[in-house]
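Novice: Sending over a structure as structure tokens; questions will come in a sec.
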Amino acid sequence: MLRRLAAEALGTAFLLIAVVGSGIMAETLADGNVALALLANSTATGFALYVLITALGPVSGAHFNPAVTLAFALMRQITPGMALAYVVTQILAGIAGVWITHVMFAQEILQASTTARTGTALWVAEIVATFGLLFAILGGLKQAPAQVPALVGAYIAGAYWFTASTSFANPAVTIARGFTDTFAGIDPAHIAAYIAAQIVGAVIAAFSLPRLFSV
């Protein structure tokens, strides 16, 4: 149990370091070109996910995401008690990852985002993004288990671009990004709606995809 929680903490923290750190670096170097900054941000995140899932998947399953944990709990592949421990660990580690990133880039550690991300279009995008992430995971586990790290990394990197919300698809990431007023931030007032949409996507996936993939 401790090894699994340590893996979830390390993986989620590094995921936020990748998301926020690459966002800060991209915004600094892109000289106002938002498309270029998003390209750098999405590429770094996708690559980081590939490494993290490959290294930590055998230890904890490499969820790094309460929506993924919820889906696996609903499919009865993880106990409710372990799922709760995973979720708490992921949220706390995500926030820690943001603070570590601020230290690395010589920024104020404690911040609150002022970036507005709200509206029906973005909420629908988060449902789609989260469902799609579970589609990549469960489909990969059924069809090509060794390719799951690449599938998830590629999916998230792509979903940055084809979803209106830039594919948060992760409640822990969403909460943590409320603690940074940088390129990757989200206004804390808008977090709850994002998480609600992500839960909807995860629940739909948990009840529909096992029938599709027979997992």
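Novice: With angles folded into 0 to 90 degrees, how steeply does helix 34-60 sit against the dominant principal axis of the chain? Use alpha carbons for both and round to 10.
Specialist: 40
Novice: More than 21 Å apart: what percent of Cα pairs in the stretch 35-137 qualify?
Specialist: Considering the stretch 35-137, 50 percent of its Cα-Cα pairs are separated by more than 21 Å.
Novice: How high is the relative contact order of the stretch 120-172, given as a whole-number percent (alpha carbon pairs under 8 Å, six or more residues apart)?
Specialist: It comes to 52 percent, rounded to a whole number.
Novice: For the chain, give the percent of accessible area contributed by carbon and sulfur heavy atoms, probe 1.4 Å, rounded to a whole number.
Specialist: Within the chain, the accessible surface is 72 percent carbon and sulfur.
Novice: I need the Kirkwood Rh of the chain: take the reciprocal of the average 1/r across all distinct C-alpha pairs and report it in angstrom.
Specialist: One over the average 1/r among Cα pairs gives 16.9 Å for the chain.
Novice: Still on this structure, I have one more. What size of dipole, in debye to the nearest 20, comes out for the chain about its Cα centre when the only charges are +1 on Lys and Arg C-beta atoms and -1 on Asp and Glu C-beta atoms?
Specialist: Charge dipole of the chain: 760 debye, to the nearest 20.
Novice: Restricting attention to the stretch 1-101, which trypsin sites (Lys or Arg not before Pro) occupy a DSSP loop and are surrounded by at most 10 other Cβ atoms within 10 Å?
Specialist: Counting only loop positions with at most 10 other Cβ atoms within 10 Å, the trypsin sites (Lys or Arg not before Pro) in the stretch 1-101 are R76.
Novice: Mind checking which of T89, T28, T182 has the largest fluctuation in a GNM of the chain, springs on alpha carbons under 10 Å?
Specialist: Among T89, T28, T182, the largest mean-square fluctuation in the Gaussian network model of the chain belongs to T28.
Novice: Related question: Work from the charge dipole of the chain (Cβ charges, +1 for Lys and Arg, -1 for Asp and Glu, about the Cα centre) and give the residue of A129, A35, S22 farthest towards its positive end.
Specialist: Highest projection toward the positive end goes to A129.
Novice: At 1.4 Å probe size, with every protein chain present, just tell me what the per residue accessible area of the chain comes to in Å².
Specialist: 44
Novice: Can you tell me the FRET efficiency between A121 and F47 if r is taken as the Cβ-Cβ distance and R0 is 35 Å, rounded to the nearest 0.05?
Specialist: Taking R0 as 35 Å, the efficiency between A121 and F47 is 0.80.
Novice: Okay, next question. With the cut-off at 15 Å, report for the stretch 148-208 the share of all Cα pairs above it, as a whole percent.
Specialist: The proportion of pairs with Cα distances above 15 Å equals 57 percent.
The values are calculated or read from the model by the stated rules, or taken from the named source; none is laboratory data. Note that the structure is a prediction, hence the values are computed from the model and not measured. Cβ sites come from the backbone with ideal geometry, for glycine too, and all protein chains shown count toward neighbours. All accessible areas refer to the heavy atoms of the entire protein, side chains included, with ligands and DNA or RNA removed. Shrake-Rupley method; radii C 1.70, N 1.55, O 1.52, S 1.80 Å.
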